[in-house]
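Some notes on the structure that comes next.
What follows draws every value from the coordinates through simple rules; no lab data is involved. None of these values were measured; they are calculated from a predicted model. Cβ: placed from backbone, ideal geometry, glycine included. Neighbour counts: every protein chain shown.
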Amino acid sequence: MASLGSSTTVAGRYVTGQLLGTGGMGEVYDAVDTRLDRPVALKRLRADLADDVSMRRRVETEARLAARLTHPNVVTVFDSGLEAGHPFIVMERLDGRTLRDELAEGPMEPEAVRSMALQVLEALAAAHGIGLIHRDVKPGNILVAGEDTWKVADFGIATSIEDDHTLTKTGELLGSASYLAPERLEGHAATTRSDVYSLGVVMYEALTGRPPFGEGTPIALAIRIRDGRYEPLRRVAADVDPALAKSVARAMSKDPMGRYASAEEMALALTEHEVPGASADTTAIVERPSESTAVLEPVAITAEPELIMEPVVAEPVADPRVAAPVHPGRRLATALLVGVLAVIAVIVLVLVLTLGAADTPAGSSSPAGSAPSGSVVPAPLQDALDRLQETITP
């Protein structure tokens, strides 16, 4: 494909300037939209893609879908069309500096990487929400848009989730191999999880200054990606927050089901260390370690004093196996009742004995131990009555 010369007019309104760069999809030019008098970036797709009718149609469709994607962290697509049989896309013009340029100067600070990743996840979530996946998340497609502001570019090769054709007619994978998920290398369709994987690889490189799977032949690289063989992040960059390293490792899981299910889920994991909705007049609950247990800081209470309930102390539950103590008054009443019953029994016994003595014939001998003559109550019985009386007398 011959490069466009300077001052070439495309589609009757876009005048090209200098060549900004080349990539797997084609060439990107600085240009001016003469109709709206604004700077733009014009990408013209490479010749072999332009010769594929189905690919041309697909790029045009995806350009229209990408034009619907309006988000602060997405490079806006303004227009698309054909020029001399070559598809082109017109996009928002930035200064051209990318994350790849930033990494050429060395690793980034962990918090800067976290901020960049959250902005990329915002862009991916917006794209996934309208049925688009990016398929080519890499440092060259993440652009600097200002101080601590990042935008994702090149949705030109994005594909509809409902109709994904991973391979071109020549069997070439679209996307940069170093950032492709293992299942993509095996020919499976791109998904939201494969976008998450690619961002995990980008984060690893941004934190360590080197890609996780190193360099080498395409076959050797593909084998290492397929097997998930790379040096753990914290072994390369020991100062990285363990929680951040854990998020990167999960995003890079070789099993798609082991990754975050969505860009939103990964963004939540990257921010879960923050207290959502905290304000200056709110006392947060903070656990502090101690020798035996954690101590919780009190939470500010705004209720009126009369609404605050005193703690309720539960009454102890008696053990049914242990006899309860008896009240002294109850003990005396019980003793009197027993005494009365005993007296009644003795009176009945005395009457029986008296009647029996009256029936005894004169001159008969008295049994041993009986009362003296003329005595109504036998002596032993009288002694028993006296002792009983002493017992029940209060």
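So the values come out like this:
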item	result
Spin-label zone in segment 182-224 - amide nitrogen under 18 Å from a point set 7 Å from the Cα of residue 255 along the C-beta vector	182-184, 193-194, 197
Tail weight of P(r) past 27 Å, computed on alpha-carbon pairs of segment 1-135, percent	26 percent
Size of charge dipole - segment 20-95 - debye, nearest 20, with Cβ of Lys, Arg +1 and Asp, Glu -1, no other charges	240 debye
Ranked by how many other beta carbons lie within 10 Å on average, peptides 181-188, 129-136 from highest	129-136, 181-188
Between segment 209-267 and segment 81-142, the Cα center-to-center distance that results, in Å	19 Å
Cα convex hull of segment 99-271 - mean projected area over all directions, nm²	9.5 nm²
Order by protection proxy (mean Cβ within 10 Å, highest first), peptides 109-121, 35-47	109-121, 35-47
Positive-end residue of 85, 22, 59, charge dipole of segment 9-92 with Cβ unit charges	59
Residue 223/residue 64 FRET efficiency (R0 35 Å; Cβ-Cβ; nearest 0.05)	0.35
